[in-house]
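J.: Have a look at this one.
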Amino acid sequence: MSYSRIVGTGSYLPARIMTNAELEARVDTSDSWIRDRTGIAERRIAADGECCSDLAIAAARDALDMAGMDPTDIDLVLVATCTPDHVFPSTACSVQRELGMREGTIAFDISAACSGFVYGLDVANRFLITGGAKRALVIGAETFSRIIDWNDRSTCVLFGDGAGAVVLELGEQPGILSTHLHADGQYKDLLKVDWGVGQGYEQLTAESGTVSMRGNEVFKVAVRTLGRIVDETLAANRLSKADVDWLVPHQANIRIIQATARKLGLPMERVVQTVQEHGNTSAASIPLALDTAVRDGRIRPGDLLLLEAFGGGFTWGSALIRY
Ligand code: UT7
């Protein structure tokens, strides 16, 4: 039996750090409210002119470097993002071009909001195990600072910019054991950017072009849904909670992460937490967290990883991976 295996991880964070103190000066908020309610202390903000593809390319180079591969070794590039450089061409095509990948490499973007990276892993895994590709680059990259209303305290304190990437290769050793994806569009109004091409440019305003969220309602559905997907993932693999070595969750809110860890009976020392320094980087948050824990030596070969995400749509998903 063949598996998709993670053979390289990488990440990139813009240089500029925005602290909670800076946000206190902009809107009616406080460092203590942000830390208590979300766990966030700071986030990164892309420089003027720094685009989603710039972040994605830097993370991809990092992951290829760890994998010891050249960009020409890759035959599938997926970029999970809801802040692409352009409507089209896709950000994945920009990554393909800028990295000098082979002509004919498959490249496309995935739009599943904060669940985008897990969706990307699922799609890439299916390509690999069915013979559609041999080596894939899956990237989560976001420039959420561009779609934030910086006068809205209920959202501007939450998000940040960044990118993470993994290189997947087909192998005989266990790697991705299962992926589980779901969506429910009936919740579309709880978390959204209201403007799109369908509305026409004359409809674009500061409010419609930025993130709006009914945070408390999203919070409750997220906790409930992520609890369910933990059960679904373990049952599909006939494994128990005690088998999981690391939870690598989407980093939206430390309280949501704690609730999932409690559900798993995992101490917080076995949970990769980057929300404090990164904020919510949407599709980038899981690969950023994964790369952090791989590079600092916490995640070791053979460890069992549970990745889970929840986001706008609603979309949600998980991946169980033998690293
Ligand atoms: O990544 C995709 C999925 N996203 C999520 O999973 C996010 C889910 N939601 C959350 O993480 C939380 O709901 C938030 C962090 C967004 C909000 O925390 P909360 O504990 O649910 O607060 P709340 O929305 O119920 O608001 C409580 C109070 C309100 O004031 P009143 O009505 O009680 O007077 C808000 O106006 O906190 C107020 N508030 C703030 N106060 C200071 C809201 N934002 C702020 C702020 N600073 N930045």
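The values are calculated or read from the model by the stated rules, or taken from the named source; none is laboratory data. All values reported here derive from a predicted model rather than from experimental measurement. Cβ atoms come from the backbone with ideal geometry, glycine included; neighbour counts cover every protein chain shown.
J.: Going by the structure shown, is residue 303 among the charged types (D, E, K, R), touching a residue at least 12 places away in the same chain (Cβ under 8 Å) and over 26 Å from residue 41 (Cα atoms)?
T.: yes
J.: Can I ask one more? Give all pairs with beta carbons closer than 7 Å in which a residue from the range 83-97 that is of a type in the set (Asp, Glu) meets a residue that is crowded, with 21+ Cβ neighbours inside 10 Å; count only pairs at least 6 apart in sequence or on separate chains.
T.: 85/52; 85/53; 85/91; 85/94
J.: OK, next. Could you figure out which of (1) modelled with pLDDT under 95; (2) within 11 Å of the ligand (Cβ to nearest atom) isn't true of residue 280?
T.: Tallying (1) modelled with pLDDT under 95; (2) within 11 Å of the ligand (Cβ to nearest atom), residue 280 fails exactly one: (1).
J.: Let me ask something else about it. Which ranges mark the strands (runs of 3 or more DSSP E) fully within the range 1-67 that have 3 or more residues being over 16 Å from the mean Cα position of the chain (by Cα)? Working first, answer last.
T.: Numbers: elements: 3-12, 16-19, 42-45.
Correct list: 3-12, 16-19.
J.: Say whether the condition of being within 17 Å of residue 315 (Cβ to Cβ), at pLDDT 95 or above and buried (at least 24 other Cβ atoms within 10 Å of the Cβ) is met by at least one residue in the range 91-110.
T.: Yes.
J.: If residue 97 passes every condition in (1) away from the ligand (no atom under 16 Å from the Cβ); (2) within 27 Å of residue 159 (Cβ to Cβ); (3) not in a loop (DSSP other than H, G, I, E, B) but one, which one does it miss?
T.: Status for residue 97: all satisfied but (2).
J.: Considering every residue within the range 235-255, establish whether at least one is farther than 25 Å from residue 169 by Cβ, free of Cβ contacts under 8 Å to residues at least 60 places away in the same chain and buried (at least 16 other Cβ atoms within 10 Å of the Cβ).
T.: The answer is yes, given that some residue of the range 235-255 is farther than 25 Å from residue 169 by Cβ, free of Cβ contacts under 8 Å to residues at least 60 places away in the same chain and buried (at least 16 other Cβ atoms within 10 Å of the Cβ).
J.: Looking at (1) over 21 Å from residue 256 (Cα atoms); (2) within 16 Å of the ligand (Cβ to nearest atom), which is the one condition that is false for residue 134?
T.: Here residue 134 meets the rest and fails (2).
J.: For the range 114-122, check the following and say yes or no: at least one residue is in a strand (DSSP E or B), surrounded by 24 or more Cβ atoms within 10 Å (Cβ to Cβ), in contact (Cβ under 8 Å) with a residue 40 or more places away in the chain and within 16 Å of the ligand (Cβ to nearest atom).
T.: So far as the range 114-122 goes, no, none of its residues is in a strand (DSSP E or B), surrounded by 24 or more Cβ atoms within 10 Å (Cβ to Cβ), in contact (Cβ under 8 Å) with a residue 40 or more places away in the chain and within 16 Å of the ligand (Cβ to nearest atom).
J.: Could you grab me the full set of residues in the range 46-58 that are touching a residue at least 12 places away in the same chain (Cβ under 8 Å) and either in contact with a helix residue (DSSP H, G or I) (Cβ under 7 Å, 6 or more places away or on another chain) or closer than 15 Å to residue 165 by Cβ (or both)?
T.: 46, 52, 53, 55, 56, 57, 58
J.: Sort through 35, 61, 126, 43 and tell me the only one that's free of Cβ contacts under 8 Å to residues at least 60 places away in the same chain, within 16 Å of the ligand (Cβ to nearest atom) and closer than 27 Å to residue 307 by Cα.
T.: 35
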